[in-house]
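Data block below; observations after.
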Amino acid sequence: MASTSTVSRSQLNAVYRRVILSLDAIDYRGTHGIQFSLSDAERWCCSIILNPAVQGLSTFGLDNEAPIVFEVIGQIAGSNEEDFPDDDGLSVRLEARQDFVSRLQWARIAAALGTLSEITDGRPLNLSRVLSINARTSAVQLRIQWDTPSEIINGMLPAFDGFGQLFIFTSRTDLPFGQAVRALFTLEYSLVRRQRYMIASLMMLTPV
């Protein structure tokens, strides 16, 4: 694969505009060109057909289709007094910040996921592993999860910051509660006991 240093800034900007999308925008942007494509033997990834093609995309090992990188800005739900990891396992739940703009954006999250769940063949995807409503506050919560590298012991949550550096959450006190965080993730689904579950797979989590 060629070095990304050989790609012009305009080409990078073109890729950025096409494959990095704010999740709350999906509901009014529409789903034209968006589909779930088989990424391995067990998972289908939400992707976008790039038509017209983006010049230089082959540099990233891609052709005319690319996985969509979704973005949300919110805050980590819960508190450092809860068990770690919680019943969700190796995951983190995000919700809206308390400011007006954040709450407006997060009001569209459930609708956006519902829209995406219906673009697959057959019945809509089960959203119970990616979307929940806080019973106490009624806040919409987005569950983002990731697979733990084999060298990291169970119970520690690895993430990558904006510079690609690995850092590890070893307890809930490590999590940046009360801070705005930006999460980048892909949306996928897999078949579990004849149910098709959507999941959000973390790529990057960093304070804003």
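Computed from the Cβ-Cβ distance with R0 of 22 Å, the FRET efficiency linking Leu191 to Ala111 stands at 0.35.
Inter-label distance, Thr120 to Ala180: 3.4 nm, where each label sits 7 Å from its Cα along the C-beta direction. Spin-label pair Ser39-Ile133: with each label point 7 Å from Cα along the Cα-Cβ axis, the two points sit 2.9 nm from one another.
Every number in this text was worked out from the coordinates using simple rules, so none of it is lab data. Only a predicted model underlies this, so the values are computations on that prediction, with no experimental measurement involved. So basically every Cβ, Gly included, is an ideal-geometry build from the backbone, and we count neighbours across all protein chains shown.
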